[in-house]
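Inspection log for the structure reproduced underneath, given as structure tokens.
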Amino acid sequence: MRKGRQTSNLRRGKLAERYAHRGFHKKPEIPENSMAAFRRALEHGFPVEFDVHLIADGSLVIFHDDDLERETGVKGQIEDYDITNLRKLRLEGTDEQIPTFDEVLDLFEDSGLPLLIELKVARGNYKALAEAVCKRLDRYRGEFVIESFDPRALIQVRKLRPDYIRGQLAQNFFRNREGLPFYQAVMLTHLMFNMLARPDFIAFRFEDIDFKSVRNAVDKRGLAEASWTITTPEEYKEVLRRGAVPIFEQFDPEEL
């Protein structure tokens, strides 16, 4: 097994040199954020990035979207489900189920591979989500860092576990508004919550990496930088050239 190397360019911890986005998936046979994708990443020695939701019964599960339809073919919000009913669904027409946070942590605990854990806030549940994730991570022996698009989640993590490494996810929301009102697009694009969240790194969309706010945070303030989602070898090499951490999918960087 090839182990993912780590770097120590953060103030209080480590960020891997790369992450397989939503596991090392290979569609259609190996869905994103599936146990098969995580086992494949483990076999290749790749640290992984994945998304955590807090659902109706208090369980923590691994899934990207708020809506279930794209990945399961079933309409509905994932936060409305309990674990029993969620387990009845299958990912992308395969036999794969939506994993729990416990299952993924158990898989990687003794692997030596770091995790990049994204908190997926829904309906203002940032406090409950942060608390549940932090409580479970207290028992985890492996390396990890936390990130979120929602700065309120990072602020809450900072209050609960100030020693956890935190990353602010962002993009140019003027280009990709994603339903945000204008004032939120301004605040999130320009990283205006950084003074409160105090992130250790910035994870910005690759197409937007030259945006002024991210360059100020990285080049002037010295924060570490990750870049998502890297889908070609050319993008991967460019991110490395800039000294940032690629979050990649759709190819094997060991084959470059």
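None of the figures in this text is laboratory data; all of them are computed from the coordinates on show. Values in this document were obtained by computation on a predicted structure and should not be read as measured data. Note: ideal-geometry Cβ built from the backbone for every residue, glycine included; neighbour counts use all protein chains shown.
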Close pairs (9 angstrom Cβ cut-off, 6 or more residues apart or separate chains): under 11 Å from Glu234 (Cα atoms) in segment 245-256, among the basic types (Lys, Arg) and in a loop (DSSP other than H, G, I, E, B) anywhere: Pro253/Arg18
Do we have Phe101 as touching a helix residue (DSSP H, G or I) at 6+ places or on another chain (Cβ under 9 Å) and closer than 28 Å to Asp80 by Cα here? yes
If we keep only residues of segment 80-93 that are assigned to a loop (DSSP other than H, G, I, E, B) and of a type outside the set (D, E, K, R), then the residue surrounded by the most Cβ atoms within 10 Å (Cβ to Cβ) is Leu91
If you check every pair at least six apart or on different chains, which have Cβ atoms under 6 Å apart with a residue in segment 115-142 that is under 26 Å from Val245 (Cα atoms) and touching a residue at least 24 places away in the same chain (Cβ under 8 Å) first and a residue that is in a helix (DSSP H, G or I) and among the β-branched types (Val, Ile, Thr) second? Ala130/Val157
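Could you grab me the full set of residues in segment 168-222 that are among the acidic types (Asp, Glu) and surrounded by fewer than 20 Cβ atoms within 10 Å (Cβ to Cβ)?
Residues satisfying the conditions are Glu178, Glu207, Asp208, Asp210, Asp219.
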